[in-house]
Amino acid sequence: MNNLYLQTDLMNTIMILRLQLLCICVTAAVASTFFLVKRTVNFANTLFRYLLIIHSISLIFDVATVYTVNHLDTVSMAITRTAHVGFVACICFFVYTSFAYVRYLANGDRSKRRILIYGIPAFIASLSILFVPFKFTRTEYGNFLDGASLALVYGTISIYMVLMVITILRHWKEMDIEKRVVMLVASLSQIAIAMIQMLLPMVLISSLATTLVVFAIYLTIENPDRVLRHLYLREKQLAEEATQSKSRFLATMSHEIRTPMNAIIGISEIELDSDDHSPDTLNAFDRINNSGKTLLGIINDILDLSKVETGKLELVPVKYDTPSLINDTAMLNSMRIGDKPLELIVKVAEDLPAFLFGDELRIKQILNNMLSNAIKYTEKGSVTFGVDSQTDENGVMLVFTISDTGQGMSAEQLAAIYDEYSMFNREANRTTEGAGLGMSITKSLVEMMDGRIEAQSELGKGSTFIVYLRQRLAESELIGKDVAEKLEKFKFDSSKQRAEIVREYMPYGRVLVVDDVDANLFVAKGLMRPYGLRVDTAERGYEAIAIIRDGAEYDIIFMDHMMPGMDGMEATKILRAEGYRLPIIALTANAVSGMKKMFEESGFDGFVSKPIDVRSLDEVLNRFVRDKRR
């Protein structure tokens, strides 16, 4: 009979504590996963860690209070009082920590001084139960704590809860949507349960409120997956901001660098079309022009944001003459030899197609990277630059062979030659310039052209690279023996190739060039002089608008993009809004990726990048002036 009584008493105790036991199980699960998962420590999860610890301790005291208050006759008052003091203190500090957590999430408040000040009421309320009288009320449904001290505790908790709600509502728009909803629901739940607890003290559901808060915060705000997602989004935002900053920098640098390049290349183009110069002078201008275009290609590689950010290089296929490509490449790299006892040997097949269709600029980049490497790592002997082709039903396969008598490479070095920032034999080559990106970019370009690159090397004897590039045949004409020999002897005059551009006379045409740089106006007028066009100029966007408002009409307005006061885009939008429908072409030194779409959306009919390419200019003039008059 006595055992039955003990079993019944145990069952009654378990029934009374069933809610607390459930809360303990949930808290144990949350605590084990939270503390076992490795995470970046920050102020938010530090506060949650304290919240979880305080809550776990409060559950232990809660079990003790529930048991002692229902066994007042068998448990000493000192133990009962200690259990209740511990539980009330934990509840006060739990709510206070919740308030500090909310403040941090809302406005990033992590001031230790403010945290201590806000904790004073919780500390006072916890101590009050030691000195303010309290009593236990007995009922047939269970016993509970009562008295003035408890009222003080509930009053303090209510203040914290009201402050939490005010903080959330005050910073509602600033908080992440998940955070504000979770914190508001958690705060309102605590308030509701606290009110129930005060009205029905024998229900004993305080632990349910704190457990629900901990569980809700863990599942949402402190969930590892959500934290990782938040970190990912934050890193993404920082990366996007860095990208935007880099875009602004590149746009500015593009404009600043390409503007003087426009004068160098443009003026040399103008002088090459003149009949007043001797052959030596024309040859000098031709070298300036070729070197300027090669430098422009390097600048384009640096300034093209899409290539820097994604590693994807866009191909722009055009018709080009093969002899000029070979001559420009050979002439540029011959100048790189300097004082070295080194010979650049050029070998060109006479059955090479004279005109092909492909990305001439990118092919030059490939060849310049490889030839500059060969010259860089060869102190004496020779560097051989060979050009051949293979024709089949799919087009033409250009075959470039670059071999040298330089340092050579081991098998391990050869295997790593295409890695980014790869530079071998650093001690021997410590004075050699370069970041080691050349061969990595070269391989990417070759593969984009459906080609391949082969390499052979022997340490101490030299290296040989063979590049195969797929191109389309533009014309069936071959370069022939005479041109091949001139290329091999560095006697090919590439300026003669410019005669292929037939500038049709258009005296009926009228164009307006708008640019704030006098050198750019000089170049534009000089390049259009052979067409016989009437060329007017304006130095500001608002000057161009005033000219159009006075009734002037032009076959084309060439509008500079970046000008002080009113830039070309703003001026174009105003003209379009006022009903001007004739062609407006952007003249821009800001030639980074994505500009074409931006100009189209701003009302332009196209754009010509600076430095002005004579073929692009000829195409625009033929399209908008010549063809519309026929």
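The values are calculated or read from the model by the stated rules, or taken from the named source; none is laboratory data. Owing to the predicted nature of the structure, the values given are computational and were not obtained by experimental measurement. Every residue, glycine as well, gets a Cβ built from its backbone with ideal geometry; the counts of neighbours run over all protein chains shown. For the accessible areas, the whole protein counts, side chains as well, though only heavy atoms, and no ligand, DNA or RNA atoms are used. Shrake-Rupley method; radii C 1.70, N 1.55, O 1.52, S 1.80 Å.
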- Determine which lysines satisfy two conditions relative to LYS380: a Cα distance under 16 Å, and not lying fewer than 8 residues away in the same chain. LYS340, LYS461
- Using Cα positions and a limit of under 18 Å, work out the aspartates and glutamates in reach of LYS491, with same-chain residues fewer than 8 apart set aside. ASP280, ASP286, ASP321, ASP328, GLU343, GLU350, ASP482
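Note the full-extension length gain between ARG581 and ARG629 as 0.36 nm times their separation in residues minus their Cα-Cα distance, in nm to one decimal.
15.6 nm is the gain from fully extending ARG581 to ARG629.
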- Between ASN394 and LYS319, with labels modelled 7 Å along Cα→Cβ, what's the label distance in nm to one decimal, could you check? 2.5 nm
- Query: Among LYS347/LYS486; LYS319/LYS597; LYS347/LYS443; LYS38/LYS112, which pairs are too far apart, with a Cα-Cα distance over 20 Å?
  - Reply: LYS319/LYS597; LYS347/LYS443; LYS38/LYS112
- Message: So if the hydrodynamic radius of region 320-423 is defined as the Kirkwood radius over C-alpha pairs, what does Stokes-Einstein give as its diffusion coefficient at 4 °C and 1.567 mPa s, in µm² per second?
- Response: 87 µm²/s
- Message: At a 10 angstrom cut-off on C-beta neighbours, averaged per residue, how do the peptides 557-565, 450-458 rank from highest to lowest?
- Response: 557-565, 450-458
- Item | Packing-based order for 94-106, 209-221, using average beta carbon neighbours within 10 Å, highest first | 94-106, 209-221
- Note on the structure: Shape descriptors of region 479-585 over alpha-carbon atoms, Rg and Dmax in angstrom, are 19.2, 60
- Item | Label-point gap, in nm, between TYR418 and TYR50 - each point 7 angstrom along Cα→Cβ | 5.6 nm
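Sort PHE61, PHE522 from largest to smallest accessible area, using a 1.4 Å probe on the heavy atoms of the protein chains. Present the calculation step by step, with values, prior to reporting the outcome.
Values: PHE61 65, PHE522 110 Å².
Largest accessible area first, the residues go PHE522, PHE61.
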- Mind ranking 327-339, 390-402 by how tightly packed they are, going by the mean number of other C-beta atoms within 10 angstrom, highest first? 327-339, 390-402
- Query: Extension gain GLU485-ARG452, at 0.36 nm per residue separation less the Cα-Cα distance, in nm?
  - Reply: 9.1 nm
- Query: Taking amide hydrogens as modeled 1.01 Å from N in the peptide plane, which residues meet the under 5 Å criterion relative to LEU478, leaving out close sequence neighbours?
  - Reply: ALA354
- How many nm separate the modelled label positions at THR220 and ARG529, each set 7 Å beyond the Cα in the direction of the Cβ? 7.4 nm
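Can you give the FRET efficiency to the nearest 0.05 for GLN237 and LEU36, using r as the Cβ-Cβ distance and R₀ = 22 Å?
Numbers: r = 30 Å, r/R0 = 1.34.
For R0 = 22 Å, the calculated efficiency reads 0.15.
Could you work out how much longer the chain between ALA151 and ASP536 gets when fully extended? Use 0.36 nm per residue separation minus the Cα distance between them, nm to one decimal.
Here the answer is 129.7 nm.
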- Relative contact order (%) - region 546-630, alpha-carbon pairs under 8 angstrom, separation at least six: 28 percent
